[in-house]
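The block underneath contains the structure these notes are about, expressed in structure tokens.
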Amino acid sequence: MNMKSSLVARLIKVAATVAGALVVASMPVWSSGTAGADASSIEIKSSSVTSEFPDGFRFLLEASHDSDIVSVAVRLKIGQQTSASFNYLCDASGQEAETWRCDELDVGKVVDGELLWRTNSAGNYIPPETLITYSFEIEDSEGNTLETEQEEFIYRDVRYEWKEVSEGPVTVAYHGPVLSRATIVLETIIETIDTMAPLLGAESEGPIRVAVYNNNLEMLGALPRGSATIRRELITEGQAFFEMGVLLMIQGGTRAKGTASHEVTHILVHRAADGIFRRAPSWVQEGLAEYANVEPESGISYELALDFAVATGRLLPVLYMQTLPGDPEDVIIFYGQARSMIRMMVDEWGIDKMNQLMKEMKSGKDMDSALTAVYGFDRQGLDDQWRDSVGAPRYEPPNTEKAKPTPIPKTVVLPFSLTPQAGAEAIGSISAEETPTPTPEPTLAPVAAVAPEQSAQETRDEASNSSDAETSPAETGTSGTGCFALTGGPASADLLTAAMLIGMVGLASQRRRPG
């Protein structure tokens, strides 16, 4: 290379270096505000998040900057929810949850922020063991923003000291000397995922967290408020929270494995079938959960409940099984019926059809459209075929198209007239002869004396009993929400006793079950 060529090459290299330096100098650092401003000097002295379950969890952050810090916010994603939540930190007070309130952040070069994210009401409830991903956003007076890296936090039930056992995407938290039982729960869930994920086409990679309590009383303190009737008549052994990827359950006894397999299936069904605007109806959710139950007869015998319903005409039309019924006895029938329907669908038409049904629902189709696309019939057609399979009479829905209201003749109002004439209604005076005879007032029977030992309240009670003797009281039900693995209380015992009696006299023997 000659001297002239070497000089040209050096000039090109210098020019490229200068241009690169200019490009780098023009790029803002850690800033979404004014170009050329620098927010990297914001120093986070300390930050933390702590659980105060069931009241909520508390964020704390202390930061400093050369310019005034005007706001500190937290952005978080709760469980498996796709959308993020956002809120501003308040001025740190350190007050207890009962008295805490949000006071405006004290703006300055050093700020001390705090936020209690409440979870103690039905609208904002978050179950324990929920994985929460969060980050902070700090803004200065010039509009520059510093965003911190995302961190993870497990919202724990602080009443107990928790330990964990994990495998793959599943983590089981427990407390006390029950490692072996927690391991059984973990193994059951892994087994259920391996069996049901191919049937449903569900993604099993997402984390699933389980909180195992030692008895019902412990777990009741962690659950949201529910139906008083359901809680009184049925014991909740487990509950899944689909969008959180969390399930709560009781360990111990022979029902733990059945509860674990039932509840984790709800999470899988949610991932496989629930869309943005529609969710799988309860009969699909509960039917698949009981189909996956590794110990289906460890608790309530849904078979007996179903026999009872077939024999007494208490089956529920699938058209009305979108949600769980409110009556505890109907809940037990609902579980048995839903499981029987799902079993027939899998046995008769195979795994691939069920997998395709999940995809159709996930796409946003309503239940009738999804069933028709996969099986060629809607909910009424499914209900007919299932009732045929169990030997029950078909349900005849009311024909709303032909039903018409009975017309009421319109009243013809004629003009009033003081003298009789055609097309008018005469108003005449009442003569003495036309004066109506007054009706004599009824003679009241003498009131019986009340004995000194009979109180006035007892007298009122007797009168009430007498007047209501031919009136049957109206029955009202309390609607229940949520998904439960259940153990029967008094109501279920009555229902199952009746089912056994019916079976003894041969009524339940009329039921034909699919192979």
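The values are calculated or read from the model by the stated rules, or taken from the named source; none is laboratory data. Small disclaimer: the values here were computed from a predicted structure and weren't measured. Positions of Cβ are generated from backbone atoms using ideal geometry, with glycine treated the same way; all protein chains shown enter the neighbour counts.
Listed values, structure above:
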| quantity | calculated |
| --- | --- |
| Any strands (runs of 3 or more DSSP E) falling wholly within the stretch 121-185 and containing at least 2 residues that are in contact (Cβ under 8 Å) with a residue 12 or more places away in the chain, surrounded by 14 or more Cβ atoms within 10 Å (Cβ to Cβ) and touching a Gly at 6+ places or on another chain (Cβ under 9 Å) | 130-140 |
| All positions within the stretch 52-68 that are touching a residue at least 60 places away in the same chain (Cβ under 8 Å) and either in a strand (DSSP E or B) or not assigned by TED's automatic domain parsing to the domain that holds W100 (or both) | E52, G56, F57, F59, L61, A63, H65, S67, D68 |
| Answer residue from the stretch 347-395, given it is surrounded by fewer than 16 Cβ atoms within 10 Å (Cβ to Cβ) and of a type in the set (A, V, I, L, M, F, W, C) and is nearest to L319 (Cα to Cα) among those | F377 |
| The one condition in (1) at pLDDT 95 or above; (2) buried (at least 21 other Cβ atoms within 10 Å of the Cβ); (3) in contact with a Ser or Thr (Cβ under 6 Å, 6 or more places away or on another chain) that G238 fails to fulfil | (1) |
| Residue check for I193: out of contact with any Ser or Thr (no Cβ under 6 Å at 6 or more places or on another chain) and modelled with pLDDT of 90 or more | no |
